[in-house]
Amino acid sequence: MEMFSTIGVIATAILGVAVLALLLATFFMWLGAKMAGVKKATFGRSFVAALGSAFITWFLSLALSFFPPVGPPIGFLVGLILVVFVIKGAYDTDFGKALLVWIFHLLAEIAAIVIGLLTFAGALMQLV
């Protein structure tokens, strides 16, 4: 019986992290769209762009993981183009502004990963 509660806790934690990551991506895409001067930069459109970008990223990662030598570089290029088109469609803007939103989003995601790693490393150091 204890195994099911452990699986439930793990599943809840994964779901919580996924929701938090989606909200974080939405916020930073919205911020990037505002900075890029996108006219239709709303939080709702940012949510759609973040959700579409995440779906494409995870789908391509899964699909191209079966081709290890060529998967990552091809996946990055194809993914970049598809994600920029999702952003372009979500904000109803041109390719250049959509690419700029993606760059802001990428920088924000890198910063979030670094903060998360430092937080995790700090928590591990407390255990030692």
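The values are calculated or read from the model by the stated rules, or taken from the named source; none is laboratory data. Since we're looking at a predicted model, the values are computed, not measured. Note that each Cβ is placed from the backbone with ideal geometry, even for glycine, and that neighbours are counted across all protein chains shown. Remember, those area values only see protein heavy atoms, side chains included, never the ligands or the DNA or RNA. Shrake-Rupley method; radii C 1.70, N 1.55, O 1.52, S 1.80 Å.
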note = Taking the stretch 79-96 and keeping only residues that are assigned to a helix (DSSP H, G or I) and open to solvent by 60 Å² or more (accessible area, probe 1.4 Å), one is left with ILE81, LEU82, PHE85, LYS88, PHE95
query = How about the stretch 1-32: which of its residues are open to solvent by less than 60 Å² (accessible area, probe 1.4 Å) and over 15 Å from the mean Cα position of the chain (by Cα)?
reply = GLY8, ALA11, ALA13
request  = Search the stretch 61-78 for residues being open to solvent by 60 Å² or more (accessible area, probe 1.4 Å), among the aliphatic types (A, V, I, L, M) and over 23 Å from LEU100 (Cβ atoms), and hand back the single one that is modelled with the lowest pLDDT.
outcome  = VAL70
Selection within the stretch 33-60 - hydrophobic (A, V, I, L, M, F, W, C), open to solvent by less than 20 Å² (accessible area, probe 1.4 Å) and assigned to a helix (DSSP H, G or I) = ALA33, ALA36, ALA49, ALA50
key: Test result for PHE67, over 16 Å from MET29 (Cβ atoms), over 12 Å from the mean Cα position of the chain (by Cα), aromatic (Phe, Trp, Tyr) and not in a helix (DSSP H, G or I)   = yes
